[in-house]
Amino acid sequence: MSYVPRRDFDKGGRGGGGGGGGDDGYDGFVKAKGRRPVTDYGATITHWMRHRRPKYRGSYAGELERPSPSFLVDMIPPGARTTSAGDSIPGRWVHQSLNKVKHPVNVVRWTPEGRRLLTASSSGEFTLWNGTAFNFETIMQAHDSAIRALEYSHSDDWLISADHDGIIKYWQPNFNNVESIRGHHDPIRDLAISPTDLKFVTASDDSTLKVFDFAGGVAEMTLTGHGWDAKTCDWHPTKGLIASGSKDHLIKLWDPRSGRCLTTLHGHKNTVTKVMFERVNGMCLATGGRDNTARIFDLRMMRDICLIRGHEKDVTTFTWHPVHANLLSTGGGDGALFHYLLDEPNEPEGQVAAKAVYDNPDPESAPLQTIYPAHRLPFAHDMAIWSLDWHPLGHILASGSNDRLTRFWTRARPGDTTYLKDQYHIGETAAMANNTFVGSKNRRQRQEEEAQEAEDEMDGLEDQKMPMKSASAFPGIPGLPLLGSSASASGGIAGNPPLPPNLPFPMPPPGLNGQIPPPPLPGFDPSNPPDMAKIAEMMQRAGIPIPPPPGNGMAPPPPGLLPPGLIPPPPTGQLPVGFVPPPIPLPGMDFGALAGGDAASNAARRRAPLPSQEESLKMEQRKGHYTRAH
């Protein structure tokens with residue numbers, strides 16, 4: 001890991017005629033922007049090439065690496081230590097990359113020369129990231145739906161992609177779209193290219209696999225035999241052999257020449273999510289499923305030899321190391337990233353290690369060996385890991401996840417053990433407590449800030465819905481202050497606001513909290529309420545139509561009771577506490593219009609501007625309300 005400076009050049013011509021800026025218009029002023037971490041593998045490869053020897057003479061003559069920071073200069077690439085797979089385990093987080101508009105990352109693939117990483121998202125976009133500085137380079141809309149599969153040809157001249165609509169596209173290395181064909185009518189889940197680059201195979205949700213001629217772009221053969229969705233497929237790196245996995249829990253091996261199913265492997269108890277041939281020797285087939293396990297099959301015996309355990313959720317993806325044939329990296333549905341050494345069981349404490357199948361006198365009938373992780377990253381991602389891919393040199397592992405992030409992993413420096421306590425190993429809470437959190441800004445802090453912003457926004461909405469705290473002494477007339485308030489709308493003395501002129505009734509004396517006793521109803525005796533039945537009988541005799549009873553088909557109230565919805569008048573002539581007295585007519589105000597006059601007068605009348613609420617707001621702020629700024 002090294003660093004390169006970020007620089008910004010100010011253009012020349014400042015303060016004059018533009019001289020001194022050079023031919024390109026720059027005056028050479030460098031504005032530093034910080035440092036970007038860079039994984040530079042050039043020094044390790046150069047160091048190895050200077051000290052390597054032919055294999056018959058010992059392979060390497062340089063200083064051997066030791067667990068100390070001073071041996072950093074003696075690091076060599078994985079290709080220089082093919083028998084030391086444990087030194088290539090990528091346990092250290094390097095960088096994470098995400099787009100401005102974030103979408104789940106379905107596929108990650110290194111370009112054949114290893115200079116860039118190509119990611120395909122559920123939005124149908126290709127995103128290209130730098131392979132050493134991990135910064136964004138370009139993005140393009142490649143498909144109209146989610147991209148499900150992506151593969152480079154062995155000749156490094158072509159790129160084939162497939163999407164959720166069953167469309168297959170051919171791309172040149174410069175991302176020029178050459179051809180687009182209809183492969184399936186259902187989503188394509190996986191594709192693989194033959195060793196000769198003349199054909200490729202696709203697996204679809206229509207439970208079939210199709211073998212296509214690359215040059216013609218037509219399906220030559222349809223492989224049928226699965227009873228449910230075909231979720232994955234792979235082509236052997238050197239042989240004419242196709243493997244497929246399906247939702248029917250079966251793994252099938254096919255002959256691409258005749259289309260015949262050679263054998264069916266039973267081992268998983270749930271959907272098979274991934275199948276992949278080992279790339280170095282080509283003798284093993286790895287499979288993963290939703291039964292939380294992965295299995296290693298030996299193609300020479302056509303049986304499973306290793307059971308991969310450790311995941312608590314589905315094994316969604318895995319990948320073989322390009323140099324070490326015994327290093328397998330798996331990704332789980334809970335975001336866990338585990339690394340396995342197939343020749344080291346790493347059994348838990350108190351458990352007896354199982355013997356390898358090859359160490360038994362009868363390998364074909366020996367029980368399979370259980371392998372546990374050599375290194376665990378239980379918090380590598382927050383959601384399911386959909387894709388893993390190794391750099392061609394084998395020193396960086398890229399992972400794409402449903403949490404919309406692409407992360408890069410590599411081995412730690414010699415003697416470095418602090419990475420074992422970061423948030424990807426022990427969790428964010430423990431890492432923050434131990435002050436071992438790595439990264440620019442932790443996700444917990446971002447979540448707290450977003451939660452605080454959401455809370456402030458909800459408080460603001462609640463404040464808008466709350467009624468006015470300052471009730472007016474004159475109901476129906478907003479803006480007039482309470483009696484005894486410290487301010488007056490007309491500029492009166494504090495504590496003694498002026499009274500409106502020409503009131504139809506005398507003002508109540510102080511001490512009644514501004515309540516005005518209503519005038520008694522004329523002709524109404526509170527001790528002898530009217531009988532509604534007699535009133536109805538009198539109306540019927542006079543030929544006046546009786547109004548319908550309240551409600552739907554409700555019977556009239558019995559004698560001596562008011563209809564539902566009517567409030568009996570108070571016996572003392574005063575309104576109960578909480579009832580609003582009738583509005584006060586002011587000079588120049590049309591009281592009939594307030595009571596619902598005719599529509600023409602209402603349409604001609606314009607609404608007066610709302611009064612200022614500044615004084616009422618200041619009163620509430622003095623009481624301690626609405627003091628926080630939103």
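The values are calculated or read from the model by the stated rules, or taken from the named source; none is laboratory data. None of the values given here were measured: they were computed from a predicted structure. Cβ: placed from backbone, ideal geometry, glycine included. Neighbour counts: every protein chain shown.
Of the numbered conditions (1) modelled with pLDDT under 85; (2) assigned by TED's automatic domain parsing to the domain that holds ARG404, ASN99 fails exactly one; give the number of that condition.
For ASN99, the failing item is (1).
Assess whether ALA374 counts as being among the small types (Gly, Ala, Ser) and touching a residue at least 60 places away in the same chain (Cβ under 8 Å).
Working: among the small types (Gly, Ala, Ser): yes; touching a residue at least 60 places away in the same chain (Cβ under 8 Å): yes.
Yes.
Listed residues SER329, SER401, SER387; which is assigned by TED's automatic domain parsing to the domain that holds VAL108, surrounded by 18 or more Cβ atoms within 10 Å (Cβ to Cβ), more than 19 Å from ILE308 (Cα to Cα) and touching a residue at least 60 places away in the same chain (Cβ under 8 Å)?
On the way: SER329 fails: more than 19 Å from ILE308 (Cα to Cα); SER387 fails: more than 19 Å from ILE308 (Cα to Cα).
Residue meeting the stated conditions: SER401.
Of the residues that sit in the range 376-417 and are assigned to a loop (DSSP other than H, G, I, E, B) and of a type in the set (Gly, Ala, Ser), which one is nearest to the chain's Cα centre (by Cα)? Write out each step before concluding.
Pass one, the range 376-417, residues assigned to a loop (DSSP other than H, G, I, E, B): 378-384, 391-395, 402-405, 411-417.
Subsequent filtering for residues that are of a type in the set (Gly, Ala, Ser) retains 380, 384, 394, 412, 415.
Numbers: ALA380: 15, ALA384: 11, GLY394: 29, ALA412: 29, GLY415: 35 Å.
Restricting to residues being assigned to a loop (DSSP other than H, G, I, E, B) and of a type in the set (Gly, Ala, Ser), the top hit is ALA384.
Of these, LYS252, LYS269, LYS247, which one is over 24 Å from ALA142 (Cβ atoms), in contact with a Leu (Cβ under 9 Å, 6 or more places away or on another chain) and of a type in the set (D, E, K, R)? First the steps, then the outcome.
Values: LYS269 fails: in contact with a Leu (Cβ under 9 Å, 6 or more places away or on another chain); LYS247 fails: in contact with a Leu (Cβ under 9 Å, 6 or more places away or on another chain).
Just a single option satisfies the conditions, and that option is LYS252.
Quick one: which strands (runs of 3 or more DSSP E) lie wholly within the range 56-133 and hold at least 1 residues that are touching a strand residue (DSSP E or B) at 6+ places or on another chain (Cβ under 6 Å), touching a residue at least 60 places away in the same chain (Cβ under 8 Å) and among the aliphatic types (A, V, I, L, M)? Steps first, please.
On the way: elements: 92-97, 105-110, 116-121, 125-130.
Result: 92-97, 105-110, 116-121.
Within the range 254-268, is even one residue of a type in the set (Val, Ile, Thr), surrounded by fewer than 20 Cβ atoms within 10 Å (Cβ to Cβ) and touching a residue at least 12 places away in the same chain (Cβ under 8 Å)? Step through it out loud before you land on a result.
Of the residues in the range 254-268, the ones of a type in the set (Val, Ile, Thr) are 263-264.
Applying the additional criterion that residues be surrounded by fewer than 20 Cβ atoms within 10 Å (Cβ to Cβ) yields 263-264.
Keeping just the survivors that are touching a residue at least 12 places away in the same chain (Cβ under 8 Å) gives 263-264.
Yes, there is a match, as at least one residue in the range 254-268 is of a type in the set (Val, Ile, Thr), surrounded by fewer than 20 Cβ atoms within 10 Å (Cβ to Cβ) and touching a residue at least 12 places away in the same chain (Cβ under 8 Å).
Does GLY335 satisfy being at pLDDT 95 or above and at positive phi? Walk me through it before giving the result.
Details: at pLDDT 95 or above: yes; at positive phi: yes.
Judged against the criteria, GLY335 is a match.
Could you please give the count of residues in the range 238-261 that are closer than 16 Å to GLY282 by Cβ and either part of a strand (DSSP E or B) or of a type in the set (A, V, I, L, M) (or both)? Don't jump to the end; show me each part of the working.
To start, the set of residues in the range 238-261 that are closer than 16 Å to GLY282 by Cβ comprises 238-243, 253, 256.
If we keep only those that are either part of a strand (DSSP E or B) or of a type in the set (A, V, I, L, M) (or both) as well, we get 241-243, 253.
Residues flagged as closer than 16 Å to GLY282 by Cβ and either part of a strand (DSSP E or B) or of a type in the set (A, V, I, L, M) (or both) within the range 238-261 amount to 4.
With respect to LEU285, is the statement that it is surrounded by fewer than 20 Cβ atoms within 10 Å (Cβ to Cβ) and assigned to a strand (DSSP E or B) true? Steps first, please.
Values: surrounded by fewer than 20 Cβ atoms within 10 Å (Cβ to Cβ): no; assigned to a strand (DSSP E or B): yes.
Judged against the criteria, LEU285 is not a match.
Condition first: in a loop (DSSP other than H, G, I, E, B) and within 20 Å of the chain's Cα centre (by Cα). Now tell me which residues in the range 134-171 satisfy that. Explain how you work it out, then say what you get.
Initial filter on the range 134-171 (in a loop (DSSP other than H, G, I, E, B)): 134-135, 142-146, 153-158, 164-166.
The answer is SER145, ALA146, HIS164.
Taking the range 80-93 as the region of interest, how many residues are under 14 Å from ARG411 (Cα atoms) and surrounded by fewer than 19 Cβ atoms within 10 Å (Cβ to Cβ)?
Going through the range 80-93 one residue at a time, the tally reaches 3.
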